[in-house]
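Q: Next up is a structure, given as structure tokens.
The values are calculated or read from the model by the stated rules, or taken from the named source; none is laboratory data. Bear in mind the structure is a predicted one, so any value in this text is a computation, not a measurement. Reconstructed Cβ throughout: ideal geometry from the backbone, glycine too, with neighbour counts over all protein chains shown. SASA here: full protein model, heavy atoms, side chains in, ligands and nucleic acids out. Shrake-Rupley method; radii C 1.70, N 1.55, O 1.52, S 1.80 Å.
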Amino acid sequence: MQRNERGREPLFLLIMIEKIKIMELAQDALEGSDKFLVNLKVTPDNRIFVDIDGDNGVTIDDCIALSRTIESHLNREEEDFELNVSSAGADAPLKQIRQYRKNVGRDLEVTMADGERLDGNLKEVGDDGITIVLPGTKKKPSEEVHLPFRDIKVARVALKF
């Protein structure tokens with residue numbers, strides 16, 4: 001590893017090491033539960049954002065417990081930081097196969113890489129993609145469509161009010 005003129009690693013490498021450490025702490029803390037890590041971001045000014053989800057949802061107590069676990073393994077004497085642990089909101093994009101699986105049977109809004117938007121009911125989740133049922137019209141029956149993950153730009157659960 002190259003060091004700068006002061007004999008230290010560049011800042012971006014330190015952040016990546018911290019990010020990996022925080023990811024491992026979060027994954028270890030969530031192991032064996034129905035909760036899982038969805039997203040982790042560490043900014044250059046040491047703000048840490050951890051988003052989690054769960055097969056049966058996430059409570060505020062789940063977020064507090066994970067926050068305390070992560071914080072107990074970080075040393076504020078070495079580096080000041082801000083830690084934010086939250087659930088991956090109801091309107092947040094689906095990022096993990098596990099999130100798709102927990103939402104089978106729900107309506108999705110999917111934007112494809114080519115910009116096409118599809119709204120349909122999530123029928124099935126495989127290792128390489130999802131199958132949604134597009135609603136029919138008077139002129140056209142409902143249709144099942146397989147969407148490979150590589151072609152999905154953004155997928156969200158459609159919120160109904």
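Q: Here are some conditions: (1) under 19 Å from the mean Cα position of the chain (by Cα); (2) open to solvent by 70 Å² or more (accessible area, probe 1.4 Å); (3) charged (D, E, K, R). Asp107 meets all but one. Which one does it not meet?
A: Here Asp107 meets the rest and fails (2).
Q: Taking the criterion of being assigned to a strand (DSSP E or B), under 30 Å from Lys21 (Cα atoms) and either touching a His at 6+ places or on another chain (Cβ under 9 Å) or of a type in the set (Ser, Thr, Tyr) (or both), would at least one residue in the range 80-95 satisfy it?
A: Yes - at least one qualifying residue is present in the range 80-95.
Q: Kindly indicate whether Lys139 is out of contact with any strand residue (DSSP E or B) (no Cβ under 8 Å at 6 or more places or on another chain), open to solvent by 50 Å² or more (accessible area, probe 1.4 Å), assigned to a loop (DSSP other than H, G, I, E, B) and not polar (S, T, N, Q).
A: Yes.
Q: Kindly provide the set of residues from the range 68-94 that are free of Cβ contacts under 8 Å to residues at least 24 places away in the same chain, over 16 Å from Glu24 (Cβ atoms) and surrounded by 12 or more Cβ atoms within 10 Å (Cβ to Cβ), ordered by number.
A: If the condition is that a residue be free of Cβ contacts under 8 Å to residues at least 24 places away in the same chain, over 16 Å from Glu24 (Cβ atoms) and surrounded by 12 or more Cβ atoms within 10 Å (Cβ to Cβ), then Arg68 is the only one that fits.
Q: Would you mind telling me which numbered condition in (1) surrounded by 12 or more Cβ atoms within 10 Å (Cβ to Cβ); (2) assigned to a loop (DSSP other than H, G, I, E, B) Asn121 fails?
A: For Asn121, the exception is condition (2).
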